[in-house]
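To start, the structure itself, in structure tokens.
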Amino acid sequence: MTIKRRLFFSNIRTLLTAIGCIAAIFLTARIAVHFVIGSPLFQEHPDIEWARKMIRLLFIFCFIAFIVVFSIINSTLTSRMTKRIIKPLDILSDGVKQIQENNLSCRIEYDNDDEFRPACDAFNLMAAQLEVSAERRLKDEANRRELLAGISHDLRTPLTTIDGYLDGIESGVASTPEMRDKYLHTIKNKTGEMRHMIEQLFLFSKLDMNEFQLSPGRFDISLALSDIVEELAEEYAIRRLDIAIDSICENVFVFADVAYFRRVIVNILENSVKYREKETGRMEIIVSSDNNFVQIRLADDGPGVQEDMLPNLFNVFYRSDPSRHTKGSGLGLAISSKIIERSGGTIHAENGEPGGLVIVIRLPAETGVA
């Protein structure tokens, strides 16, 4: 029952109590008058003043009794209503104190179906959101620390190489034109690696802060993949990675930024080239469509990853797995994840059969001719 309804019925009970007490006074007065006038003492010695005095005393007694009874009933009803209001307020107050003391796991248990129930439910929802927000903040802080450590680690290596080769040129170690050209070529390559890493980091930061605008458009996913593979096949063959499209779906379209979709594919290919174990690695691409989604599986034959570490592959600068995360920053897969998420899709990693790593991309699809 709601507080308003309880107050209404409480007022009704109070009013009825007052009416009942007043009626009792009049009834008692009439009985008293009848008793006094009809008494043998009054009949034998009629004394109007005495009768009036007795009736007045009875009226005063009845009035005092009415005040006492009414006060007790009203106090009882008021106390009950006050407890019904104060108790949930105390519960809410205790909950707020728990939140102030940073106990974000605090939840209010309130079963009564009254006006305080929505407030308690709203408090629990607020506490849950604060808890999630605090956990996210701690995770973001940990990621930032890891990011800074990863940047310093990955920039230190090329900087050390550049510094060493510059010292070699200055000290005359590179004494011939051929050696100087070799040193300068290495310095140029390391500078290019640093520039590429900084560009990747800048793109990741923009995507992470939702400050980077994609330019989505409708395109045939199989045709786009065929064009990308045809364009890149020769380059990656030289780098000892064969690319093959094993299965495609005709007339399946997605709405995404085709240029950044190409970047996602390139990032995954780069990851496979970096970690290939065989003399010539292989990447198989399989496209399928189901339930208004298109799925793209990119499976290589390199080393797999421990199952509990698969979800972390798309974290920037993740290095916990020795087979897959000792040779780079992890920015490529992290950027790929951000692009796919911004396109309304999902991306995850699986271990292949009998080995290798499989990157699975799912994007919203629509069938039909463009």
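No value in this document is a laboratory result; all are computed from the given coordinates. Please read all numbers here as calculations on a predicted model, not as lab measurements. Every residue, glycine as well, gets a Cβ built from its backbone with ideal geometry; the counts of neighbours run over all protein chains shown.
Translational diffusion coefficient, Stokes-Einstein: compute it for the stretch 58-183 using the Kirkwood radius over C-alpha pairs as Rh, at 10 °C and 1.306 mPa s, and state it as an integer in µm² s⁻¹. Taking Rh from Cα pairs, D becomes 72 µm²/s. With a Förster radius of 45 Å applied to the beta-carbon distance between Phe59 and Ser93, the computed FRET efficiency rounds to 0.40. DSSP finds beta bridges in the stretch 193-304, and of those with both partners inside it, around 65 percent are antiparallel. Highest mean first, the peptides 156-166, 289-299 sorted by other C-beta atoms within 10 Å per residue fall in the order 289-299, 156-166. The distance from the alpha carbon centre of the stretch 193-222 to that of the stretch 72-147 is 42 Å, rounded to a whole number.
Peptide packing: for 56-67, 258-269, the average count of neighbouring Cβ atoms within 10 Å per residue gives the ranking 258-269, 56-67, highest mean first.
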